[in-house]
Amino acid sequence: MRGTFAADYGEQMSSPTRWAGVPLADRRAERRAALIAAAFDISGGVGAEAELSVRSVCRYCGYNTRYFYESFSDTDDLLGAVYDTATAELGAVVEAAMREAGPSVRSRTRAGIRAVLGHASSDPRRGRVLFTAGVTNPVLAERRATTQGMLRDLAFAEADARDTDRLTSRVRAAIFTGAMAELVQQFLSGSLGEDLDRVVDEAMTTLLPTRDV
């Protein structure tokens, strides 16, 4: 399952000629990407390593630990980079889906919900990193708060197209954001079944009353 997050590092970067002729900045960037990809796998529950640590991520990449510290101060710093990368990917997917959905609020909302659920569930690593792993980790807690703020702003922008009262829009956005966070976690846990379109239909019925929008 490796390869969606960064390049495939199956060689483990151990060849003595691996970096021959590669500019220093490019070497560092590639090593940084490899460490993020390894941490994504480990945090996402893929591979033999069960816990994210400097040694485990370096062992996964085949690196000396000094290469870790050229890019990250500690594992929290690395974990933050993993989450930021996953969030940016999710944001791009949601934005593209809503853009392609057309101008109506209903179609855009449906596309956004489906994109979040579909993207998070299509790769178990994504769902775990973005929504379920390390709930008590302060780094992820802060990052998740930022992500929820992004979703809330997006929902507010959509609601504002229909509601003239800004308070109404903000309340709708807050409810939508909280409901979406719980919906994603329940869908990833399997408690809502595997029919994505059915879940999206039910979410639309609950979150967005039928209107000519």
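Output the residue which, of all residues in the range 64-111 that are more than 20 Å from the chain's Cα centre (by Cα) and among the aliphatic types (A, V, I, L, M), is surrounded by the fewest Cβ atoms within 10 Å (Cβ to Cβ).
Only one residue fits best here, namely VAL105.
Name the helices (runs of 4 or more DSSP H) wholly within the range 40-139 that hold at least 3 residues that are within 30 Å of VAL199 (Cα to Cα)?
The helices (runs of 4 or more DSSP H) meeting that bar are 75-101, 105-122, 124-127.
Would you please name the residue that is modelled with the highest pLDDT, looking only at residues in the range 157-173 that are over 18 Å from MET204 (Cβ atoms) and surrounded by 15 or more Cβ atoms within 10 Å (Cβ to Cβ)?
Out of the qualifying residues, it is ARG170.
Can you pull out the residues in the range 48-57 that are of a type outside the set (Gly, Ala, Ser) and in contact (Cβ under 8 Å) with a residue 12 or more places away in the chain?
Across the range 48-57, the qualifying residues are LEU52, VAL54, VAL57.
Looking at CYS61 and the list (1) surrounded by fewer than 15 Cβ atoms within 10 Å (Cβ to Cβ); (2) at pLDDT 90 or above; (3) touching a Phe, Trp or Tyr at 6+ places or on another chain (Cβ under 8 Å), which single condition is not satisfied?
So the condition that CYS61 fails would be (1).
Run down ALA92, ALA133 and say which single residue is outside the structural domain of LEU35 (by TED's automatic domain parsing) and modelled with pLDDT of 90 or more.
ALA92
The values are calculated or read from the model by the stated rules, or taken from the named source; none is laboratory data. Keep in mind that what you see is a predicted model, and the values were worked out from it rather than measured. Every residue, glycine as well, gets a Cβ built from its backbone with ideal geometry; the counts of neighbours run over all protein chains shown.
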